[in-house]
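Worksheet: the structure to be examined is printed underneath.
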Amino acid sequence: MEHILTYMTFIPLLGAVVVLCLPRENNTLVRWTAFAATMPPLLMAIWLYMNFDRSTDAMQFMERVQWIPSYNIQYIMGIDGLSVTMVLLTALLCPICILASFGIDKGVKGYFALFLLLDTGMTGVFCSLDFFLFYIFWEVMLLPMYFLIGVWGGPRREYAAIKFFLYTLLGSVLMLIAMLALYFHNDPHTFDMLILMEKSGSYSRDFQWWAWLGLFIGFAIKIPAFPFHTWLPDAHVEAPTAISVILAGVLLKMGTYGILRLCYPILPLATQDMAFYALAVLGTWNIVYGALCAMAQTDMKKLVAYSSISHMGYVMLGMATLTPQGINGAVLQMFNHGTVTAMLFLLVGVIYDRAHHREINGFGGLASIMPRYTGIMTIAFFAAMGLPGLSAFISEVLVLLGAWQYDKILTVIAASAVVLTAGYMLWMLQRVWLGPVNEKYTGLPDVTLRELATLVPLAAIVIILGVYPHAVLDLINPSLLALNQTVLSAIPMEAVAQLP
Amino acid sequence: MNLSSVESLAYSLPELILVFATVGILMLDLLITRKRILGELALCACGGAALASALLAGAEQGYLFNQMVALDGFAIFFKLFLSLSAFAAVYMSLGSRELDNEHPGEYYTLLLAAATGTFYMASATNLLMAYLALEFVSLTSYVLTGFIRASRRGSEAALKYLIYGGVASGAMVYGMSLIFGLAGSLDYATIGERLLVPSEANGPILFIAVLLVLAGFGYKISMVPFHMWSPDVYQGAPLPVTAYLSVGSKAAGFAMMIRFFYVALSHAGAGGVWATIEGLEWPNLIVLGSIITMTLGNLAALRQDNVKRLLAYSSIAHAGYILMGFVVLSDAGLRAMLFYIATYYLMNLGAFTVLMMVLNNSDREDMEAFRGLAWRGGALPAAAMAVFMFSLAGVPPFAGFIGKFYLFAAVIDKEMWMLAIVAALNSVVSLYYYARIVRTMYLDQPLKSDPVMTTDWHSGAFAGVLAVGTIVFGVYWRPLIDLADKSLVFFRG
């Protein structure tokens, strides 16, 4: 298992090539091949989980190869507590999404090949420790995403796809400039994130500010933080179910992951200065704004999309606090939101496949028509609301605990927003699943085995992490405490010079 | 070394091959009836010239033809590149339906003659030689542009090209005469030495002279405000000629411009950093040119419905990007330029090849000709086109991104933030129109009336090779950057 991260990253790509070579007529074969290609990464992820050293904050499973030596570009892979959770999440969600995509019957080969390419890009982003490599993987995700939304999406897919692409590219090019500025700031020039982190003390405050802003805008678009969020509702509504799951489950996390991986350790001074306005205030605003928008929606998918904006606000608030609880809560929330939102989108997809619309007011009394479905749905809804005993509760409480030590006003606002969340969730629950039965839909079949296979593993994780959060917290804690310490202990260069 | 005319011939094999082929085709045209052989002969000549250029790589550096042209790493790089450009143009012409039944003998003669001219543009080290080479390429290009006599648009384009070209080269030759008056020499290296000594000469007159010379270069590389001819000419000319103008002739223009500005108007310092001669801050002028060129090119391309014209504006925008490497006065910038020009070859010629396949198939070159291309038998051309478009937009993992990366790196190393940010925003804007073509091919459904795309192996193979190259150099570009690095040798006596 020496090159496990490389295998995890590139096996899906290999799968994509194989899928492209399969005969066009045999859709079943294409589907199962794609599914098989996501299995080795999943098994390796389980192996990683068992063998991950939980006592250290150092990078593990490192690989290092020279790529373009004349420019000091390297192929460096490695994971720590922060990235391992994201790698696990990606490896878990990809097979689930492939299963959820079995209903696709237009351009099947293209769809699954692009999906596997996307898988490679996502895993690569979380594993790469060379900034250049990180950037390549980051951008590689854009192309399949553009086509997956644009070709297989809903009625306004073209608009949504190009909007997503343009927004993200805008963020990327700013990131590219910041990346090059960092590269030339070190002598010898390097993209190696570990060296960039080590040298973080030698960057002046002004430089850190500008670089931080460049990186932050790129990441904020991905989170998406207000006011860069407008691409998200469009992309989510138009994307096919599985792509929405990936979008909300993994892609949004890349924004906050990037901030924690790059902005925090490499630009700690700027992080100290910016955390309040750019992360805490904006994050709280995200929580409230997302919840209020969600409440106004009549389309289920749009509602879930806005709830994502709201829930990602907790991540931003948690990491801004720079307290052990807050930052642990933030990363745990990233993982939990990944599983919970994935469930919500899958559930909406199940109804959409049957009724071919997602109007909240167009249903009623589904609980009596689809009982098994309603059972699983309740777990997801209550998890999203932050009910004790389910995973999201723990992470939100940790975030709020951290936030209380940091800024009481913001904490009060963020905590009250939980009421709004309960409001829109319960209101949707009432309108769709309870109340008088809509006669039109009495014949709807309950969830199929395949749909259950996508939902049950996620539901199990949601419950387990609600009772035993240490399953994830143990992984992330050492790395995050070290990261937190790095940011807190950073002092300006001028001050370093005055030390005795 | 400094060779006389006769001795120089031993080092002029690429040019000799082209010249003999030019004359040979002209004569064979009278003898044979199967005219396709003429094109194939031209193709062999271009291949031979490329091979001969590559073989020159080991030769001793020096002056040829009594200090008229230089034989150095820089010249050899461009000779190789320009013969490959001519090769592409000939290859595309062989597959073009537009050019069927035109006069192939004259056509290939002119094309090879233009190619010979570009070789001397890249290697001239004397103002007179540079001017002659530039005019030679221009004159042949005018005829090539209007080569299809039945095309009114072509004739109009040729006339416009001629008039703009005449004005630009007139301005240029006037500027050159001023420089000759100031420096007392036409030789680049001598001009550089004489102007290095601060004197009254390095005042406004020198600035005006350089500005006038810039008109000539700017016209060749279509830099704003000397770009006005290019959209019309690109649209009106036969497609292979357009492709050649946008890659070959433009690259020769850049080569000539680099040699003039770096050898005659700057001097190399330590560590790959160059300095301008005192009192002449030409980089500031060209920074402005670069910014305006890329912005104008991209904004104008947004609204084009004719894909050929769209690619013309995109080509203007790319000239703006390439100029980013020109203004930083460092080896890193020059290396980035050479690298970008090489990647531009792959992706831009690729785009033109796919466009030609569509044009051959449907006799149309507007956006609608691409509608649903992927779903009506054109899956492979559409995939190749998507690769070229995303590469042109500068998205990884394609070669275009690496090219842009090096340009950005050179600019940021000099801390020219303004230029970097403008270029970054331009990349985003450009994505919109490149993605529009991809969207039309993939996201739009074909109508019943759209013709089924027939397989054309001749052009398809070429597009395939270019697409593979675009991807390979996007992932492993070390050989290409090393080549660019080695080619940064200017012989100056």
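Just so it is clear, none of the values below were taken in a lab; they were calculated from the coordinates. What you see is a predicted model, and the numbers here were worked out from it, not measured in a lab. As a convention, Cβ positions derive from the backbone with ideal geometry for all residues, glycine included, and neighbour counts pool all protein chains shown.
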Original post:
Which three extents, in whole angstrom, do the alpha-carbon atoms of chain A cover along their principal axes, largest first?
Top reply: 80, 56, 42
Original post:
Which whole number of Å³ per residue matches the convex hull of the alpha-carbon atoms in chain B?
Top reply: 129 Å³
**OP:** Just report the Cα centroid separation between segment B:429-482 and segment B:2-76, whole Å.
**Re:** 32 Å
Subject >> Folded to 0 to 90 degrees: helix A:324-355 orientation relative to chain A principal axis, Cα >> reply: 30 degrees
Subject >> Cβ-defined net charge surrounding A:Leu232, 12 Å radius [Lys, Arg +1; Asp, Glu -1] >> reply: +2
Original post:
Between segment A:357-393 and segment A:266-305, what is the C-alpha centre distance in whole Å?
Top reply: 24 Å
Original post:
About the Cα centre of segment B:281-493, what is the dipole size in debye to 20, counting +1 per Lys and Arg Cβ and -1 per Asp and Glu Cβ, all else neutral?
Top reply: 120 debye
Original post:
How big is D for segment A:127-239, in µm² s⁻¹ as a whole number, if Stokes-Einstein is applied with the Kirkwood radius of its Cα pairs at 25 °C and 0.890 mPa s?
Top reply: 161 µm²/s
**OP:** Determine, for each peptide in A:227-238, B:246-257, B:282-293, B:228-239, the mean count of other beta carbons within 10 angstrom over its residues, then list the peptides with the highest first.
**Re:** B:246-257, B:228-239, A:227-238, B:282-293
Original post:
What FRET efficiency comes out for the pair B:Met228/B:Phe180, r = Cβ-Cβ distance, R0 = 22 Å, nearest 0.05?
Top reply: 0.20
Subject >> Whole-number Å³ per residue for the convex hull built on Cα positions in segment B:281-493 >> reply: 120 Å³
Original post:
Which angle between 0 and 90 degrees, to the nearest 10, do you get for helix B:331-362 versus the longest principal axis of chain B when only C-alpha atoms count?
Top reply: 30 degrees
Subject >> Rg in Å to one decimal, and Dmax rounded to a whole Å, for the protein assembly as shown via C-alpha atoms >> reply: 30.8, 100
**OP:** Just add up the charged neighbours of B:Gly493: K/R +1, D/E -1, any other residue whose Cβ is under 14 Å from the Cβ of B:Gly493.
**Re:** -1
Subject >> Charged-residue dipole, Cβ positions (Lys, Arg, Asp, Glu), segment A:100-165 about Cα centre, Debye nearest 20 >> reply: 300 debye
Original post:
Using a simple spin-label model with points 7 Å from Cα along the Cα→Cβ vector, what separation in nm is obtained for B:Ala379 and B:Leu128?
Top reply: 6.2 nm
Subject >> Reach of B:Lys448 by Cα under 28 Å, taken over lysines that are not fewer than 8 positions away in the same chain >> reply: A:Lys106, A:Lys109, B:Lys308
Subject >> Loop-located GluC sites (Glu not before Pro) in segment A:338-441 whose Cβ has at most 12 other Cβ within 10 Å (DSSP) >> reply: none
**OP:** Just check segment A:276-495 against the gyration tensor rule for me: Cα atoms, a ≥ b ≥ c as the square roots of the eigenvalues, rounded for a/c under 1.5, and otherwise prolate or oblate depending on whether a/b exceeds b/c.
**Re:** prolate
Original post:
In the P(r) worked out for segment A:2-154, what percent of Cα pairs fall beyond 29 Å?
Top reply: 20 percent
Original post:
How do B:Arg335, B:Arg34, B:Arg303 line up, fewest other C-beta atoms within 10 Å first?
Top reply: B:Arg34, B:Arg303, B:Arg335
Subject >> Relative exposure of B:Lys35, B:Lys404, judged by other C-beta atoms within 10 Å (fewest first) >> reply: B:Lys35, B:Lys404
Original post:
By how many degrees, 0 to 90 and rounded to 10, does the Cα axis of helix B:104-123 deviate from the longest principal axis of chain B?
Top reply: 30 degrees
Subject >> Simple label model, 7 Å out from Cα along Cβ direction - A:Thr230 to A:Ser202, nm >> reply: 4.3 nm
